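Take a look at the structure set out below.
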Amino acid sequence: MKKFLLLSICFLISFNTIAQTKIEAKELTKKELRALKKQKAFEKQKVRYEKRGLNAWGINENALNVVMAIREHLGSARIDTQRGLVIIRQSESLTNSQAYPLWIIDGQQYSFPPSSMALQNIREVTIFESLAETNKWGQQGRAGVIQIKTINSLN
C-alpha cells in the first residue's frame, strides 16, 4: 500500500510539472516560438561549422579569396581554385558565352568575385541555380547567381 501511495504521489508531482511547462510554452506567441526555433537551429549549425574550422556563418575567414571562403555554401558547383572562379551550371551556347555566375554583393552586381572583400563581414550566402530562380536577372544570371550579404547590408 505504501508503494502504491508513493508511486501515485510521484505521478502527481511529475504530471503537475509537465502541465506547468505546457502552460509556460503556451504563453509564447507563434512569432516568438519561430524565433526560438530559428535561434536553436542557428546554434546547432554554428557548432557544426566550428568543427570544420569555419565561423558561425559557414565562412572560412582565412581563405585566400571569396570563392574559397564560401566553398561550404557552393554545394556541388565546380571550382577553379587557380583562378578563383565557380561554375554553378553550364549555360554556354552559340549565342551566350557566359560560363560563370553573376555575383550580387550587397545589391551590387559583379561578373566575377571581387578580389578585395573583408571575408569576416560575410553573413549570408545564397546560391541560385535553377532557371526559375535566376530568371530575375535575365541573361546575366543564366549561369547561376551567388548572392552575398555582409554586415553592412543587414544593418
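The values are calculated or read from the model by the stated rules, or taken from the named source; none is laboratory data. None of these values were measured; they are calculated from a predicted model. Don't worry about glycine lacking a Cβ; one is built from the backbone with ideal geometry, like all the others, and counts go over all protein chains shown.
For the condition at pLDDT below 85, of a type in the set (S, T, N, Q) and surrounded by 12 or more Cβ atoms within 10 Å (Cβ to Cβ), Gln82 does not qualify.
Quick grid of which residues meet (1) surrounded by 15 or more Cβ atoms within 10 Å (Cβ to Cβ); (2) among the basic types (Lys, Arg); (3) touching a strand residue (DSSP E or B) at 6+ places or on another chain (Cβ under 8 Å); (4) not in a strand (DSSP E or B):
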site: Gln109; (1), (2), (3), (4): no, no, yes, no
site: Ser115; (1), (2), (3), (4): no, no, no, yes
site: Ile127; (1), (2), (3), (4): yes, no, yes, no
site: Thr134; (1), (2), (3), (4): yes, no, yes, yes
site: Gly138; (1), (2), (3), (4): no, no, no, yes
site: Lys149; (1), (2), (3), (4): yes, yes, yes, no
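Please work out if Ala56 is in a loop (DSSP other than H, G, I, E, B), closer than 29 Å to Gln39 by Cα and of a type in the set (Gly, Ala, Ser). Spelling it out, Ala56 is indeed in a loop (DSSP other than H, G, I, E, B), closer than 29 Å to Gln39 by Cα and of a type in the set (Gly, Ala, Ser). Within segment 88-110, can one find any residue that is of a type in the set (S, T, N, Q), in the same structural domain as Glu129 (by TED's automatic domain parsing) and modelled with pLDDT of 90 or more? Scanning segment 88-110 turns up at least one residue that is of a type in the set (S, T, N, Q), in the same structural domain as Glu129 (by TED's automatic domain parsing) and modelled with pLDDT of 90 or more.
One residue stands out in segment 107-155 among those that are among the hydroxyl-bearing types (Ser, Thr, Tyr) and in contact with a helix residue (DSSP H, G or I) (Cβ under 7 Å, 6 or more places away or on another chain): the one that is farthest from Arg71 (Cα to Cα), namely Thr134.
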